[in-house]
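Scroll down for the structure; my scribbles are underneath it.
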Amino acid sequence: MTQLDPLRVIAPIDASGATALAPPPAWTVRLPRPTDPRLHVAACLLTVQFLGQVALGFELSVAQILVSLGTAGLIEGMVTARRERAIAWPASALLTGNGVALILRVPGTEHGDWWSLKGWYVFAATAALAVLSKYAIRSGDRPLFNPSNLALVAAFLILGPGIADPQDLWWGPWSIGLALTYLVVLGGGLAITRRLHLLRVSVTFWAVFAALMAVLALSGHSMTARWHLGPVEGVDYWTTLALSPEILIFLFFMITDPRTAARGRSASVLYAGAVAGTSAVLVSFQHTEYATKVALLAGLVVVCAFRPLLERWAPPDGDEGLRAWLHSSGRRPAMLGLTAVAVLGVTIVAGSAVTPPGTTADAGRRPDLQLRAEQVPDRVTMGAAAREVGGALDAAAARDLAEEAVVDLLLADRAVAAGDRELAGTVASGPWYRELTDRSPSAAPERTIRRAHVDVVRDLADFQATPRLSVELRGTMNGAPWSSTYHLVRGDRAYLIEKEVPAP
């Protein structure tokens with residue numbers, strides 16, 4: 001009896017003996033299961049988005065979030081429908097779109113303008129690139145790169161800070177809203193990574209990255225930030241880089257993506273350490289917050305590019321496999337060498353840390369000046385922006401700054417009267433120094449100071465510029481009412497006056 005090869009029977013035969021085409025598969029509908037961990041991740045991130053809108057002052061609109069989610073979900077839905085004839089809930093794509101919206105910002109968007117569509121095309125293009133990269137750039141049966149991570153880095157590098165900016169590392173002064181955010185990120189992150197057996201990835205990354213950031217902070221490395229007065233340095237630098245909610249989201253919800261993280265216990269640990277080391281080396285070359293954030297995200301892109309090789313090179317799981325791998329020819333020296341290169345790279349750059357652009361030279365030695373009672377402001381107030389900016393500016397610090405501005409002003413009067421350029425250089429910088437030294441010598445005016453108002457000013461032409469302190473002084477000059485505002489810039493030993501804005 002002849003037997004038919006089942007592989008050759010590709011279509012049924014009707015009663016007339018003709019071959020009938022098989023009907024296309026029926027359309028199916030796929031809805032998410034309540035146990036799907038992607039829903040739990042989405043719940044955490046959407047809660048953070050909600051807190052960002054109502055408590056943390058995110059410069060992000062609801063409309064921008066919806067554009068990012070809608071673009072990602074629509075593209076994923078179309079691809080699934082075309083490939084699988086299925087109408088499926090785009091759980092992964094919505095996570096990708098939410099990740100884009102959580103980190104991406106368009107300069108000029110104001111908090112509270114809920115339906116602003118400013119830069120909507122930036123959100124749409126970034127979300128589209130993220131979803132499409134899952135299908136276009138693959139290694140085996142899975143994406144090579146984390147989709148949202150790759151798209152965000154591409155957007156920042158291509159568009160630049162004037163068009164696309166990452167969410168600030170500092171999420172505002174301590175508050176109930178910020179405490180709830182930490183609770184959601186830490187609680188949700190720990191629960192989800194434990195369930196997916198990826199907690200070791202988060203822990204390894206944080207341990208290595210935090211240690212390398214400590215090396216940078218101890219070396220004097222710093223960065224400028226649009227939310228901080230003067231450079232972020234020392235303990236502030238370490239806490240910002242190691243404990244920022246954005247860093248925690250990165251380590252709990254981005255590098256632990258099951259589809260793009262290295263698989264296997266040993267490989268995942270090496271992967272986490274490699275991301276931490278690569279990101280730290282890239283960060284160590286940066287002196288602005290914008291560049292620091294892009295460098296952090298770029299570290300994951302670099303490591304994911306080599307993830308297939310990393311999985312192939314990683315030791316087998318299990319104590320015996322690991323022991324045999326470590327003692328195999330060349331493996332131990334190679335691993336130690338890679339670790340040494342990462343640590344050495346950070347250390348070398350840290351050791352050559354320089355003062356970031358935007359700070360001034362040494363303020364020099366200024367003469368002691370004791371203020372008279374009528375020269376000490378009897379009332380010092382603070383603007384709302386000064387209360388919210390980073391850099392530990394409180395009521396006591398505001399009074400000290402006001403008195404320091406008065407001292408600078410009185411010494412500047414003395415410098416002009418004596419034609420003393422050196423003295424002018426100890427209290428003035430930039431435009432105001434040039435103005436003082438261009439004045440003809442004249443008698444110093446008699447001033448009294450009654451009130452001072454401390455606030456911050458921003459350079460509207462440069463979104464990333466560090467905020468500058470401003471002190472408005474009111475009183476009398478030679479017996480007549482007088483007021484003027486002074487912009488201060490930080491020197492090595494004291495604040496200098498950079499600009500004078502007379503009252504109209």
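Show me the helices (runs of 4 or more DSSP H) entirely contained within region 213-288 in which 1 or more residues are polar (S, T, N, Q).
So the answer is 234-243, 265-283.
Within region 389-504, which strands (runs of 3 or more DSSP E) (wholly inside it) include 3 or more residues that are out of contact with any Phe, Trp or Tyr (no Cβ under 9 Å at 6 or more places or on another chain) and not hydroxyl-bearing (Ser, Thr, Tyr)?
Numbers: elements: 447-457, 468-477, 480-490, 495-502.
Filter on region 389-504 gives 447-457, 480-490.
Out of curiosity, is Glu422 over 21 Å from Pro231 (Cβ atoms), touching a residue at least 40 places away in the same chain (Cβ under 8 Å) and among the charged types (D, E, K, R)?
yes
Of the conditions (1) touching a residue at least 60 places away in the same chain (Cβ under 8 Å); (2) surrounded by fewer than 22 Cβ atoms within 10 Å (Cβ to Cβ), Ala127 fails just one. Which one is it?
(2)
Output the residues belonging to region 368-388 that are part of a helix (DSSP H, G or I), within 35 Å of the chain's Cα centre (by Cα) and of a type in the set (A, V, I, L, M, F, W, C).
Passing the criteria: Ala384, Ala385, Ala386.
In region 72-105, which residues are buried (at least 23 other Cβ atoms within 10 Å of the Cβ) and in contact with a Phe, Trp or Tyr (Cβ under 7 Å, 6 or more places away or on another chain)?
Val100, Ala101, Leu104
Going by the conditions given, is Trp227 of a type in the set (A, V, I, L, M, F, W, C), surrounded by fewer than 21 Cβ atoms within 10 Å (Cβ to Cβ) and touching a strand residue (DSSP E or B) at 6+ places or on another chain (Cβ under 7 Å)?
When the stated conditions are applied, Trp227 passes them.
Of everything in region 112-134, what is among the aromatic types (Phe, Trp, Tyr) and part of a loop (DSSP other than H, G, I, E, B)? Give them in sequence order.
Correct list: Trp114, Trp115.
Consider Thr71 carefully, then state whether it is of a type outside the set (A, V, I, L, M) and within 23 Å of Thr288 (Cα to Cα).
So Thr71 does not fit the description; no.
Rule-based calculations on the coordinates, nothing more; no lab input. Computed from a predicted model, the values in this text were never measured in an experiment. Neighbour counts run over all protein chains shown; Cβ positions are idealised from the backbone, glycine included.
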